[in-house]
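Since the structure comes first, as structure tokens, the remarks are kept for the end.
The values are calculated or read from the model by the stated rules, or taken from the named source; none is laboratory data. Source: prediction; values computed, not measured. In this analysis, Cβ positions are derived from the backbone assuming ideal geometry, glycine residues included, and neighbour counts consider all displayed protein chains. Quick note on the areas: whole protein, heavy atoms, side chains included, nothing else; ligands and nucleic acids left out. Shrake-Rupley method; radii C 1.70, N 1.55, O 1.52, S 1.80 Å.
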Amino acid sequence: MTFAELGLRPELVRAVGGAGYTTPTPIQERGIPVALDGRDLIACAQTGTGKTAAFLLPILHRLAGGPPARRPRALVVTPTRELAAQIGEMAELYGAHLRLRSAVVFGGVGLEPQTRRLRRGLDLLVATPGRLLDHLRQGHAHLDRVEAVVLDEADRMLDMGFLPDVRRILGALPEKRQNLFFSATMPDEIEDMIRRTTKDPAMLEVARRATPVGAVSQIVHPVAATGKKDLVAWLLRKPEMGQTLVFTRTKARANQLAKRLDRSGRRVAAIHGNKSQSARTRALAGFRDGRIDTLVATDIAARGLDVDGISHVVNFDLPTVPEDYVHRIGRTGRAGASGHAISLAAPEERPQLAAIERLVGRAIPKEIVPGFAPADAPAAPAAAPRPRSHSSRPGGGHRRRSATGSGRPATRGSRPAAARRRASR
Ligand code: AMP
């Protein structure tokens, strides 16, 4: 299948060719024809599947067919500033040969330049929910001409507490419109909202729900909570650790860890919600072009981060919501490259680990790094085969734990967990 065969305008086919895409990804192959037909679409797809092009290409195709607009004819709502900016860039890239105008609005920066941009007129608006509502309230944005709306990363919007805002935005749209909804997972609240909003939608699910990208190798290092910083510093000294994205549970922990790693000779930056937009943009640009080799981030800050060439994702803290594990490790192993996910698990994080293993449907191999064993590390079960250690590790002869985690009941990504996590950011 080629992009031309999907029924896209030649200008779009040319643009994706220019971007280096030769064949559509599964979500594109299956989603684009449905969207071009004007049907509603619900897609379970994670970052890294090519979902952005799967919604932008049919949207641009539609927009190119209409008269130039003053008010937006298509709207993309996405949870974070970084995602909004990336989608805006993608829209420019794919629309390079079309005469369309797009604008991106998100919070954390001044309203005024965005307002001026909105006044100049546009075909496509990409927005985060809160800032879009601000512009709507002040009469700078008008959604009465919107023919197609995309909700990107709907589950993340739920996590971030944006669902009421999203409902308000949907309520401000014309009744007759096309809905394209994308979510990595389908929590009940999202499914409810989607079912109420869409008409006879096509349902697509690429890859199994919340299953990590196959190209990513995964390992867990059991370690005492107090030993985590030293272990990460030790891991990062290995030559194979290239561009590395490190996740922490909270902003404070991201800052502390970044400071510690800075002293260990890595070129480190931290991104999280407390950083100014310009600091985040600078850190991301540095990470993209290699001036920074270690980016420490919280889940929300790293959401949708689209950087090729991340060799390793390190979970300094395990996520409290298991789905985040999948989002995190999807940052590596992009575009056919191999990727590695390393998770540090303190004894008190065993319930989270068990929940993650339930979600991904398998046990993740455990390996204690010599010198970093948690105090309560049980001896490997006598009956279990003990694989030999890698010869590259100092000391050698370390043990592997049984692969099944604690056996405690798994905690699903429940509301309290999501609420707790929000509160800590
Ligand atoms: P996404 O899932 O939208 O975040 O896209 C992940 C990455 O895949 C982005 O860097 C895109 O530029 C890239 N991409 C999207 N579609 C294709 C394609 N058909 N062929 C190659 N790369 C693609």
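Going through Leu295, Leu235 one at a time, which residue ends up being surrounded by fewer than 24 Cβ atoms within 10 Å (Cβ to Cβ) and outside any loop (DSSP other than H, G, I, E, B)?
Within the list Leu295, Leu235, the selection yields Leu235.
Any chance you could count how many residues in region 90-113 are assigned to a helix (DSSP H, G or I), within 25 Å of Thr47 (Cβ to Cβ) and in contact with a helix residue (DSSP H, G or I) (Cβ under 9 Å, 6 or more places away or on another chain)?
The total comes to 4.
With the requirement that a residue be within 22 Å of Arg99 (Cα to Cα) and either open to solvent by 40 Å² or more (accessible area, probe 1.4 Å) or over 27 Å from the mean Cα position of the chain (by Cα) (or both), what does region 14-30 give you?
Of everything in region 14-30, those that are within 22 Å of Arg99 (Cα to Cα) and either open to solvent by 40 Å² or more (accessible area, probe 1.4 Å) or over 27 Å from the mean Cα position of the chain (by Cα) (or both) turn out to be Arg14, Gly17, Gly18, Gly20, Tyr21.
Just the residues that are touching a strand residue (DSSP E or B) at 6+ places or on another chain (Cβ under 6 Å) and either surrounded by fewer than 23 Cβ atoms within 10 Å (Cβ to Cβ) or part of a helix (DSSP H, G or I) (or both), please, taken from region 270-285.
Those that are touching a strand residue (DSSP E or B) at 6+ places or on another chain (Cβ under 6 Å) and either surrounded by fewer than 23 Cβ atoms within 10 Å (Cβ to Cβ) or part of a helix (DSSP H, G or I) (or both): Arg280, Ala283.
Anything in region 7-30 that is near the ligand (Cβ under 10 Å from one of its atoms) and touching a residue at least 24 places away in the same chain (Cβ under 8 Å)? List them, or say none.
Result: Val16, Ala19, Tyr21, Pro24, Thr25, Pro26, Ile27, Gln28, Glu29.
Only one of these is buried (at least 23 other Cβ atoms within 10 Å of the Cβ) and either among the polar types (S, T, N, Q) or touching a residue at least 12 places away in the same chain (Cβ under 8 Å) (or both): Ala96, Ala103, Ala74, Ala85. Name it.
Ala74
What are the residues in region 36-54 that are in contact (Cβ under 8 Å) with a residue 60 or more places away in the chain and either in a strand (DSSP E or B) or more than 9 Å from the ligand (Cβ to nearest atom) (or both), if any?
Gly38, Arg39, Asp40, Leu41, Ile42, Ala43, Cys44
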